Amino acid sequence: MTGVSETELLLEESSNTSISSLFVIQKESGLLIAEAQLKDKEIDDPHMVASMASAIKDFVNDWVKTHALENEVQILSYGNATLYIESAGSVYIIAFLDAEPDNELRLKINDFFASLVKNYATFFQSFDGDDTALEIQTLSKKMHEFLDKGEPQSTLHKVENKTSPMKYLMIFLGIGFLIVSLFYLDVQYKEYVLESSVKEKTGYVIDVEIQKESIIFMGTVKQLEDSDIIEKVLARYTKKPMVNKLTIPSTNLARIIQLEREKRESEVLELNKKLQEILESRGK
Amino acid sequence: MIRKKILLLGDFGVGKTSLICRYIDNTFNDSYLTTIGVKISKKLMILNDIECELLIWDIEGKTPTKSIPHSYFKGASGAIFVGDVTRHETIIGLNEHINTFLMMNGDAKHVIAYNKADLLTKQQIEALDVASNVFLTSAKSDMNVEALFSTITKEMIL
């Protein structure tokens, strides 16, 4: 009996997976920083798609967090379209594919993404939505070069693997990336625990950033006392030095100053009253 | 071009979606709003020769059974808070939305829309004493919708 088995066909299909578009998106705002797309497979309105993908990712991640899982969504699939998502620092990358990527292709995307994060970390952090920045041009160029290396991506990769020891290097890189990812997820989970504890105990929604030497927390509180309470709540969970960046809205500050002024005025009145009494008793 | 993320926030049924319905250039299907609680729309504004594209996150109003995912609030440069001028509780409820938003985006700008103002009489409108960042709006009559969006854009980019 001759022919091609279903398994062989499936394997062949998966090895022909190709990337049609690459988006680099700012994590917090969902704004598209840079994109590269194959000419015949362009996505209409990439900025809207980036925002929507970001919202869907946030939605799924919120669900994951409420169910106490420590992972982030990595694959979104609909029909033949697959979105592969990888996060790092203040950005994430989305690769639009025509099938779910195999491990080799994931490694290839992750490796490329890691190089972008390494070279553009400062720019990514300061990105304010202005698309005329020079960095965007060089970034887009690199992304286009990555896409233009040719399709199907996995097939190319397999040929390389057969003829060189690159496979082992890629596995090594993959493990390295995995360790970095696990460390990053761990930090993110700890931040989430601190933020949840503050919300549970004070009702305030704040942002906590765990850094190497310290913990930065920011947000807005109604009064100074609340800021101290939040600091105490956080101190129960960590021994790291804390940087308090909580702010009080100017309207509340005005009210606090007014209250303080009234308090001092009443103290002065009270003192005057006592002084008067003393003077009167001496006069007698 | 400058792109900014802005949020549209307010209680359920205050007319947030209707408010932007006629105003935007492009939008996703309404089904997203009911599925994940947010719908993205886009509007290009040109102010003082500066092109600014607003990515408007229309966030579904909170209901007793459904809360708003706060991760949607992150990274917004501005917000429009919408209340229904004929339902007092939705105007009072704006404070909670504003506080939550400002806690996460301390530097962000915001404006307030008292929507469905077409249902008020002329006398009622005149009697209302509102702050400078509050607009009486109506999706039905298009009242102040342009002013609302251009004000928040100016606040963010100028």
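The values are calculated or read from the model by the stated rules, or taken from the named source; none is laboratory data. Just so we're clear, the structure is a prediction, and the values are computed from it rather than from any experiment. Ideal geometry is used to build each Cβ from the backbone, glycine not excepted, and the neighbour counts take in all protein chains shown.
Put simply, of A:Asn16, A:Asn71, A:Asn103, A:Asn80 the only residue that is at pLDDT 80 or above, more than 11 Å from chain B (Cβ to nearest Cβ) and surrounded by fewer than 22 Cβ atoms within 10 Å (Cβ to Cβ) is A:Asn103.
Taken over the stretch B:103-158, the criterion of being free of Cβ contacts under 8 Å to residues at least 60 places away in the same chain and among the acidic types (Asp, Glu) is satisfied by B:Asp107, B:Asp118, B:Glu126, B:Asp129. Considering the stretch A:191-250, the qualifying strands (runs of 3 or more DSSP E), each wholly inside and each with 2 or more residues that are acidic (Asp, Glu), run over A:207-210. Do you know which residues across the stretch A:29-65 are touching an Asp or Glu at 6+ places or on another chain (Cβ under 6 Å) and at the interface with chain B (Cβ under 8 Å from one of its Cβ atoms)? Answer for the stretch A:29-65, where residues must be touching an Asp or Glu at 6+ places or on another chain (Cβ under 6 Å) and at the interface with chain B (Cβ under 8 Å from one of its Cβ atoms): just A:Asn61.
The residue of the stretch B:88-114 that is farthest from the other protein chains (Cβ to nearest Cβ), among those that are in a helix (DSSP H, G or I) and among the acidic types (Asp, Glu), is B:Glu89.
Evaluate the following for A:Gly129: is it modelled with pLDDT of 85 or more and in contact with a Leu (Cβ under 7 Å, 6 or more places away or on another chain)? Yes; evaluated as a whole, the condition is true for this residue. Looking at the stretch B:1-26 only, could you name the residues that are within 14 Å of another protein chain (Cβ to nearest Cβ) and in a loop (DSSP other than H, G, I, E, B)? Answer for the stretch B:1-26, where residues must be within 14 Å of another protein chain (Cβ to nearest Cβ) and in a loop (DSSP other than H, G, I, E, B): B:Met1, B:Ile24, B:Asp25.
Any idea which residue in the stretch B:30-60 is modelled with the lowest pLDDT, counting only those that are out of contact with any strand residue (DSSP E or B) (no Cβ under 8 Å at 6 or more places or on another chain) and either assigned to a loop (DSSP other than H, G, I, E, B) or within 10 Å of chain A (Cβ to nearest Cβ) (or both)? Result: B:Thr35.
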